[in-house]
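The values are calculated or read from the model by the stated rules, or taken from the named source; none is laboratory data. This structure is a prediction, so every number in the text was calculated from the model and none was measured. Here the Cβ positions follow ideal geometry from the backbone for every residue, glycine too, while neighbour counts run over all protein chains shown. Just the protein is used for accessible areas: all its heavy atoms, side chains included, with ligands, DNA and RNA removed. Shrake-Rupley method; radii C 1.70, N 1.55, O 1.52, S 1.80 Å.
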Amino acid sequence: MSWRRGPLAALAVCALLFAGPAGCGSNGAHGDAERESSAPVGKLLDHTDEEGRRYREVDEKSAPEVGVEVQPDADGNWDVRLTVRRFRFSPAGTGARATAGRGLAHLLVDGRLVARLRTPAYRLPAHLIPHGTHQITARLCADDDTVWAVSGKPVQSTADITASP
């Protein structure tokens, strides 16, 4: 009887090996990632931001959104908090490709890039904000360093702050 179990077990293992890869492709675990990375996302425009990054136009219905709130802290620095919708921050080391609704935020002070954010919270050092009124802008970018855009305008939010002595 034991001589029959060996061939049956081998046959069962072979059947699982052949069914396994087919099952993995059909459940979407690997298939979605492949489709996501190979399909172009949005349309590259000729428009660029201040630093030459091209805009990547996406449909308004599926476009990411960002809001920015800036509050002074007790040490004279500024706490920046982003709220995002239809967007996820990519971890460091993510490949340089545009994936729908993913990427990072560029933080600008008066139009000058001061940080690339991969999280919704950031402490803006006081030395970057001299006395006076300033604009703090959070702009959403894809991982390939293009700027998410809707109707030819970057997906961004700006807060005005005033630093006093």
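Would you say Leu107 is closer than 29 Å to Ile129 by Cα, open to solvent by less than 50 Å² (accessible area, probe 1.4 Å) and among the aliphatic types (A, V, I, L, M)?
yes
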Checklist outcome for this item: The lone condition Ala96 fails out of (1) out of contact with any helix residue (DSSP H, G or I) (no Cβ under 9 Å at 6 or more places or on another chain); (2) open to solvent by less than 80 Å² (accessible area, probe 1.4 Å); (3) small (Gly, Ala, Ser) is (2)
Checklist entry - When the residues of the stretch 42-93 are filtered to those that are assigned to a strand (DSSP E or B) and hydroxyl-bearing (Ser, Thr, Tyr), which remaining residue is least open to solvent (accessible area, probe 1.4 Å)? => result Tyr55
Checklist outcome for this item: Residue hits (the stretch 110-123; small (Gly, Ala, Ser) and either within 22 Å of Ala63 (Cα to Cα) or open to solvent by 50 Å² or more (accessible area, probe 1.4 Å) (or both)) are Ala121
